[in-house]
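**Student:** Please find one structure pasted underneath; my questions will follow.
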Amino acid sequence: MKKYILLIVATLFFWPACLSAQKHRTTAKKAKIVAPAENPLFTKMLNATAQIVIVDSQVVDSAQLLQAIHVNQEEGRLTTNAQFIRTTASKGMAYINELGTKCIFSQPNNKGHMRLFQTDKVGSTWTEPEEIKMTGEKEMLTDFDFPYLMPDGITLYFAARGDESLGGYDIYRTRLDAEEGRFLKPENMGLPFNSEANDFMYVIDEQRQLAYFATTRRQPKGKVCVYTFIPNDTRKVLVPEAYTPEKLRSMARIDRIADTWGNNIERKNALNRMNEARSTNALLAHNQNTFKFVVNDQMTYRQMADFKHAENQKRMKELLDTQTQLSNLKAALEKARNFYASASRSEREQLKKDILESEQQEYLLEKKIHHLEKTIRNTENR
């Protein structure tokens, strides 16, 4: 009995302490989680976020970046410095215009910073590279890369690091002042094109009304995301009052590309153009990497760089396109002729007309191919 009395006394003695401890645990405040401070430059740019329709996004290996950007070859082409300068030690990207007569590329200057240079092709020789000068850029930017010159020869897009950049590389735009012979002060393209990661390779395909830029935001090492979007003739901005602050920031970061689609009509039309561009460029790349052109008994060309004259590169592209067109026409003609044997009388009347028109087109294409081949050979053999 004495044992039970002692147990009751001990329980009563410790009960208030247990209640106190429980109360203390119940009323203890949770530690506050402090959100990281927003980049002041991001805040400054927020209300001027560009309004764009993003058609698609594609994550690729960094080394496969150029394969995800489908530039219309009539507006120039993109390559690596290693391919242009033909040395594996060279880093950076290069842009070559449609005729193959001008190249803008990046390489280190005498201080070790990447700068943009331009060179022109005179005959079969490239001139000594000349550094591209821009008004006021030395005070704001250090390293330059990923150039793309618009067909107007005036508007230049590139990526650079510097004090006015959100993250690593930011995308910039400048225009050539023809009177001064130098480019104007670079303009940061702002949001949503730039972020606190690396953003670069801004390209516009005017004929197809498609544009591209690449970014490492939210990507693991060695990967880049390439966005395809519809370019605007003039800069349109999101109306801040139409969004909550959280939604506006989400749009500026491109958290969801579907948020940019609107009624989705523009995007669907652009998707068709994008898929056509991918198919066309894939076919051209295949043809241009596998062609065999006999110049004379001692010489056969197998790549565009073999041509001595830039104009013949353009003719060769036209020749390859025409050969592809002829091949497709011949295949269609064969199907029509096979179907003719089992067709009805009315179907034969229509088929006869179509076949005759196609045969005339076949003759014209063959004539064009012969003319292009002859012109290329005569020019290269001079």
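**Student:** Using a 10 Å cut-off on Cβ atoms, rank the peptides 218-225, 370-377 from the highest mean neighbour count down.
**Tutor:** Taking the mean over residues of other Cβ atoms within 10 Å, the ranking is 370-377, 218-225.
**Student:** Of the listed pairs K185/K223; K330/K367; K185/K236; K44/K91; K223/K314, which have alpha-carbon separations greater than 24 Å here?
**Tutor:** Beyond 24 Å between Cα atoms: K185/K223; K44/K91; K223/K314.
**Student:** What FRET efficiency do you get for D61 and D152 if R0 is 35 Å and r is their Cβ-Cβ distance, rounded to the nearest 0.05?
**Tutor:** E(calc), rounded to 0.05, equals 0.60.
**Student:** Taking 0.36 nm per residue of separation and subtracting the Cα-Cα distance, what length does fully extending S342 through Q209 add?
**Tutor:** Gain in length upon complete extension: 43.5 nm.
**Student:** Now a separate question. At a Cα cut-off below 13 Å, give the aspartates and glutamates reachable from K292, other chains included and same-chain residues fewer than 8 away excluded.
**Tutor:** Partners within reach: D306, E373.
**Student:** Using r as the Cβ-Cβ distance of D259 and D297, and R0 as 51 Å, what FRET efficiency do you calculate, to the nearest 0.05?
**Tutor:** Calculated value: 0.25.
**Student:** Also: Leaving out ligands, DNA and RNA, and with a 1.4 Å probe, what % of the accessible surface on the chain is carbon or sulfur?
**Tutor:** 53 percent
**Student:** So how far apart, in nm, are the two label points at N110 and N272 if each is 7 Å from Cα heading toward Cβ?
**Tutor:** Label at N110, label at N272, 5.7 nm between them.
**Student:** Here's another thing I want to ask about it. So with the 1.4 Å probe, I'd like the accessible area per residue for the chain, rounded to whole Å².
**Tutor:** About 61 Å² of surface per residue is accessible.
**Student:** What is the Cα convex hull volume of region 160-258 when expressed per residue in Å³?
**Tutor:** It is 149 Å³ per residue.
**Student:** Multiply the residue gap between E74 and V239 by 0.36 nm, knock off their C-alpha separation, and tell me the result in nm, one decimal place.
**Tutor:** Taking 0.36 nm per residue and subtracting the Cα distance, the gain is 55.8 nm.
**Student:** May I ask you to give the average projected area over all directions of the convex hull of the Cα atoms of the chain, in nm² rounded to one decimal?
**Tutor:** Averaged projected hull area, Cα only: 38.9 nm².
**Student:** Sort 349-359, 181-191 by packing, meaning the average of other beta carbons within 10 Å per residue, with the highest value first.
**Tutor:** 181-191, 349-359
**Student:** Between beta-carbons, use under 14 Å as the cut-off and find the net charge around E75, counting Lys and Arg +1, Asp and Glu -1.
**Tutor:** Surrounding charge for E75 is 0.
**Student:** Scale the Cα Rg of region 189-238 by the rule-of-thumb value 2.2 N^0.38 Å and send over the ratio, two decimals.
**Tutor:** Compactness ratio reported: 1.21.
The values are calculated or read from the model by the stated rules, or taken from the named source; none is laboratory data. Being a predicted model, the structure only gives us computed values, none of them experimental. FYI the Cβ positions are ideal-geometry reconstructions off the backbone, even for glycines, and counts take in every protein chain you see. Surface accessibility is based on the protein's heavy atoms, side chains included, excluding ligands, DNA and RNA. Shrake-Rupley method; radii C 1.70, N 1.55, O 1.52, S 1.80 Å.
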